[in-house]
Structure formats: structure tokens, C-alpha cells
Amino acid sequence: MSAPSTVLVTGGAGFIGSHACAELLDHGYELIVVDDYSNSAPQVFARVQRVAGRFVGAVYELDIRDRQALSAVFDRHTVDAVVHFAGLKSVGASTRRPAEYYDTNVGGTTALLRTMHEHGVHQLVFSSSCSIYGEAGALPLDESVPARPTGPYASSTWTCEGILADVCRHRPEYTVVCLRCFNAVGAHPSGLLGENPRGTPDNLMPFLAQVAVGRRDRLQVFGDDYPTPDGTAVRDYIHVMDTVDAHRVALDHLADGPGMRVYNLGAGRGSSVFDVVRSFSRACGRPLPYEIAPRRPGDVATLVADASAVARDWGWRPSRGLDDMCEDAWRFQRLNPYGYEGSARRPGADRRSDGGPPIR
Ligand code: WQD
């Protein structure tokens, strides 16, 4: 089985997806991107092109549950492998819209798999989530720790893993690498790409960045009474550039042979909310205001990866620390106070590389 050269990226306009596009283009892949822009914007592709010095091959605005539209993309392009980011990712929002999370995340994955099968595409990297571990007792977490998802986001993601495992179990032609992403944060060091959530950020790092740039008054720290060193919750933050580097390496390892392999994708070290606040304060050069608020439903005290499996099997380790994440996140926020939408829309920014019509 040869290494893939043309990769379809679902959710390629999103935070991790757009950084992955830049990384894969930079490493010579041809990319086809599909995204419904429900939590992203097409302006990002002009940035991706500036960062990578190459265009994405083609971008299609579609919902991957629309199998007719998705099939037309596979009809038009020879796809060697798929990297699947598309989905809803907010722990908190999923408790408010559970059915939508299952429909989008599980329905999107089954529609993608069926379309891939119809077109003889059997190689997939799935961007999963550490949230499937839930309130696991054993820490740090290795891949053998039983999943105990709490909430619709985690449960729908765990369901997707189960579907992929079943497909690989019964169809020997499939190869799947599943990466359980811990907390991917930061931004491309150029300041051109970063986290650009719509509305009020659910996640700590983009919210803190908006406090630092003056868009938000203060951070609400969701609980300081957890059984952790400083009472605030502990997470395994990993630089988004390390995260997408690992997704690229996963594509290389699809050639290791059929079946499904699962890896934790974290830095293997925990940082509390206060650790992140202190690091971001150093990055932006001033103390950041916060207040203690009640715990957020669905949160757990500690989630830290045992990331030894990916080091053992691939010889891969993350190379950036929390200060790098905050410095890069701050650079993007400082240069783009209102994200991509805040930048003037340049003529032709969304033109396709093959001279085709502008992205719809
Ligand atoms: C981190 C900590 C909050 C906001 C994320 C993604 C999820 C998955 C795992 C990939 C928690 C606290 C937050 C705020 C706060 N990644 N916090 N004030 O919940 O670990 O999940 O990583 O799939 O998709 O959502 O990340 O950034 O929301 O929270 O105190 O305003 O920061 O309580 O302890 P989380 P987060």
C-alpha cells in the first residue's frame, strides 16, 4: 500500500483542520477540502495559502451528511486517504443540543464511510477526542483505559470510534488511525492562522486570548475546588502545530497495514487553569483579570495523556510547551483581534487554484 498523495480533509476550515491543511500542503500533499462553515469561514484558505505557499486543490462547501454532494467530490477527484475533522466539538454545547451532536458527528461519519466505500477509498485518519475517557480513575490515561464518556460530545465521538472499529473488524481492506486529541491550543507561529471560534468561545485558550486583547472583561474560572494542586481543573494542552504534525505522521503510518490503531495525542503533562492564566499573562505582558465561578457541568478534574504509545510506535513526541502555545495564540489574537472576519476580504482570496469558479 503506497503512502497517500491526495488527501480529502473534512472540516478543513476549522481550527485544527486549517492548521492541518497548512501542514499537509507544506509536506507536498494534494488536498481536497470539504467544510460546511458552521464554525469556520472560507477566508481561512487565503491564510492557509500564504502560510504554505501553495493553494488547496479544491474546496467544497457542503455538509458531509449530504451523500450526493459528497459523492460528487469523490467522483471528481481521486482520493487516496481521508483525514476526518468535521464535527461538533463543544463539551458544554453538546449537553444543550444532544440530538444535533449525534446527528452531526455520528451521521457525518457514517455518511463519509459509505461514500468512501462506494468509491473504493479505505484509508482514514480520524481525529477523535480525549473526552471519551470521561471521569476515568487511572491517571495518566493510556489507550487501554476503558472509555467512560460523559455528555453527548464525548459519547458521540466514542460511538464513531466503535463504528470505525467494527468496519475494520469486518472489512479487511480498511486502515484507520484514530488520534484521541487532548487539548489542542495555540496558533501557527506566523500569526496568520489561529483559533477563530464563532460567538463566545467555549474553550479556555480562545476566551483568555479575547480577554488579553480587550474583547472580554475577565475570565470566569470554572471552579477552584477540584482535587488538584491549585484547585482548578487540569488538562493536557498540546500545541496545535504538534497536533497536526501527528496527523500528518498518522497518514504515513496508514501504510503499516490494515486494521484500526488508536493513539492518545497529548503532551503527557498537566496544566491547571491558573497555570494557563499565568503563562498567557507572560505572553501578553500583563496580568489577566479573572473571577472564580461555579464548576461547569460535564467538566472533570484532571485529563492527562499517557502519550508513550505514539512515541513507542512512531518515535513521535510533541516539541512545544505551554509558553509556546500561549505566545503563538497571543500573536494570532494580537494581529487578528476579531479573527478572520475582522480582516478585509481581499479580492480573489477564495479563488480556487485550478482557476475554477470562486468557492461557493
Ligand atoms: C479547559 C479547562 C474548564 C473555559 C476540550 C475540547 C474538546 C476536547 C478536549 C478535542 C476546563 C476551564 C474553560 C472558561 C474555564 N478536544 N475553563 N473557563 O473542556 O477540556 O475540552 O478539550 O476533541 O473538544 O472542548 O477544554 O478549554 O473548554 O476547558 O475555567 O471560560 O478550562 O473548566 O477545566 P475541555 P476547555
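The numbers here are math on the coordinates, done by the rules we state, and not lab data. Here the structure is a predicted model, which means the values were calculated and not measured. So basically every Cβ, Gly included, is an ideal-geometry build from the backbone, and we count neighbours across all protein chains shown.
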Rounded FRET efficiency, nearest 0.05, which uses the C-beta distance separating Arg334 from Arg269 and R0 of 22 Å: 0.25
For segment 6-335, share of DSSP beta bridges that run antiparallel, in % to the nearest 5: 5 percent
Where labels lie 7 Å past Cα in the beta-carbon direction, separation of Glu341 and Glu291 in nm: 2.6 nm
Inter-probe distance in nm under a simple model that places probes 7 Å from Cα toward Cβ, at Asp225 and Ser308: 3.6 nm
Sorted peptide list for 18-24, 185-191, criterion being average Cβ within 10 angstrom, highest first: 18-24, 185-191
Contact order normalised by residue count of the chain, Cα under 8 Å, 6+ apart, percent: 21 percent
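Mind ordering 307-316, 329-338 by average Cβ neighbours within 10 Å, highest first?
On the way: 307-316: 15.9, 329-338: 20.0.
Most protected by this proxy first, the peptides run 329-338, 307-316.
Once the Cβ-Cβ distance between Glu118 and Ala255 is put in as r, and R0 is 25 Å, what FRET efficiency do you end up with, to the nearest 0.05? It would help to have the intermediate numbers written out before the result.
Values: r = 23 Å, r/R0 = 0.93.
Result of the calculation: an efficiency of 0.60.
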Cα-based Rg and Dmax for the chain, where Dmax is the largest Cα-Cα distance (Å): 19.4, 57
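Apply the a/c threshold of 1.5 to the C-alpha gyration tensor of segment 4-102 and tell me whether it is rounded, prolate or oblate. It would help to have the intermediate numbers written out before the result.
Values: a/c = 2.15, a/b = 1.41, b/c = 1.53.
Cα axes put segment 4-102 in the oblate bin.
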Neighbourhood charge, 11 Å Cβ-Cβ cut-off, centred on Asp236 and excluding it, Lys, Arg +1 and Asp, Glu -1: +2
Rounded Å value of the spacing that divides the Cα centres of segment 92-131 and segment 17-51: 19 Å
Computed log₁₀ I(q)/I(0) - Debye formula, equal Cα scatterers, no solvent, segment 143-242, q 0.17, 0.18 Å⁻¹: -1.05, -1.12
By average C-beta atoms within 10 angstrom, highest first, the peptides 7-17, 217-227: 7-17, 217-227
Simple label model, 7 Å out from Cα along Cβ direction - Arg317 to Ala72, nm: 4.9 nm
Per-residue HN-Hα couplings for segment 330-335 [Karplus 6.51, -1.76, 1.60; θ = phi - 60°; Hz; x = Gly/Pro]: 5, 4, 4, 5, 5, 7
Normalised contact order of segment 65-141, rounded percent, pairs of Cα under 8 Å and 6 or more residues apart: 46 percent
